[in-house]
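Read the figures in this text as sums done on the coordinates, not as results from a lab. Quantities reported herein were computed from a predicted structural model and do not represent experimental measurements. Here the Cβ is made from the backbone with ideal geometry for all residues, glycine too, and neighbour counts use every protein chain on show.
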Amino acid sequence: MEDSDFLQYKKLLEDVDLLTGNLHKQFVKQITCHLGCTGCCYQQLSLSQVEANFISKAIKTLPPPTQEKILFAAKAIKNNTSTTEACPMLDNLACVIYEFRPVICRTHGFPISFKDDETEETFLDVCPLNFSEEGESVELNLTDTVDIDRLNLRLAAINYAYSRDILEDNKKFAERVQMSEIIISTLTNLGL
């Protein structure tokens, strides 16, 4: 796959990074996310096709020892022998594909807003590790959040166009791929 296959997805990542960067500047005292803060990394993600293929490209560029580590972790998750719920990309308190991490990982920790499907009520949420210190109180407005509904709609549209135009398979649009499966498939195809 060519870099041009991911132009719209890369633009989305740039926009998310710009938004979260601005939020971090705005709430520099309240947002405590930093290297080594891995609370949001203890889950098993499933990703859209465009994200899965983008991450697969990143995995191929990792040094062989790192590839071996994440393959071991991914296989342990698949075989239910893992002793942790950590994402297989987490190594020594850092993400091995940080620059290529998916949208959800780029928004973790930041104030988010979303609508409840049943009640249509809008909710604001933040990571419990952020906005938790005593002191200056901050009132969040909708403009101070990542609108998760809008972000997911944009990602879905990009994924649909990618599945239709690049993969030439409209059915792939609805498929989700586990992070561990992305790793195993990519590295098995490389001969690891």
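Numbers below:
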read-out: Given charges at beta-carbon only (K, R positive; D, E negative), |dipole| of the chain in Debye; value: 840
read-out: Charge tally in the Cβ shell below 13 Å around Thr61, where Lys, Arg are +1 and Asp, Glu are -1, Thr61 excluded; value: 0
read-out: Per-residue Cβ neighbour rank within 10 angstrom, fewest leading, Arg154, Arg176; value: Arg176, Arg154
read-out: Helix 64-78 axis, angle to the chain major axis (alpha carbon atoms, nearest 10°); value: 80
read-out: Residues Glu120 and Thr143, FRET efficiency given R0 of 25 Å [Cβ-Cβ distance, rounded to 0.05]; value: 0.80
read-out: Helix axis angle, 7-26 relative to the chain longest principal axis, alpha carbon, degrees; value: 30
read-out: For Leu93, Leu19, order by how many other beta-carbon atoms lie within 10 Å, fewest first; value: Leu93, Leu19
read-out: Highest-fluctuation residue, Leu35, Leu124, Leu62 considered, GNM on the chain with Cα pairs under 10 Å; value: Leu35
read-out: Over 26 Å (Cα to Cα) - which of Lys25/Lys57; Lys25/Lys69; Lys11/Lys78; Lys10/Lys75; Lys10/Lys171; Lys29/Lys60 fall in this group; value: Lys25/Lys57; Lys25/Lys69; Lys11/Lys78; Lys10/Lys75; Lys29/Lys60
read-out: Separation of alpha-carbon centers, segment 95-109 and segment 1-80, rounded to whole Å; value: 3
read-out: C-alpha long axis of helix 148-165 to longest principal axis of the chain, angle in °; value: 20
read-out: Value at 222 nm in deg cm²/dmol, rounded to 500, when DSSP H runs of n ≥ 4 in the chain each add -39,500 (n - 2.57); value: -13500 deg cm²/dmol
read-out: Label-to-label distance, nm, for residues given as Ser4 and Tyr98 (7 Å Cα→Cβ offset); value: 3.3
read-out: Sequence-separation-based contact order of the chain, relative, with Cα cut under 8 Å and 6+ spacing, percent; value: 36
read-out: Among Leu35, Leu142, Leu155 the positive-end extreme of the charge dipole of the chain (Cβ point charges); value: Leu35
read-out: GNM result for the chain, Cα springs below 10 Å: residue of Pro63, Pro111, Pro88 fluctuating most strongly; value: Pro63
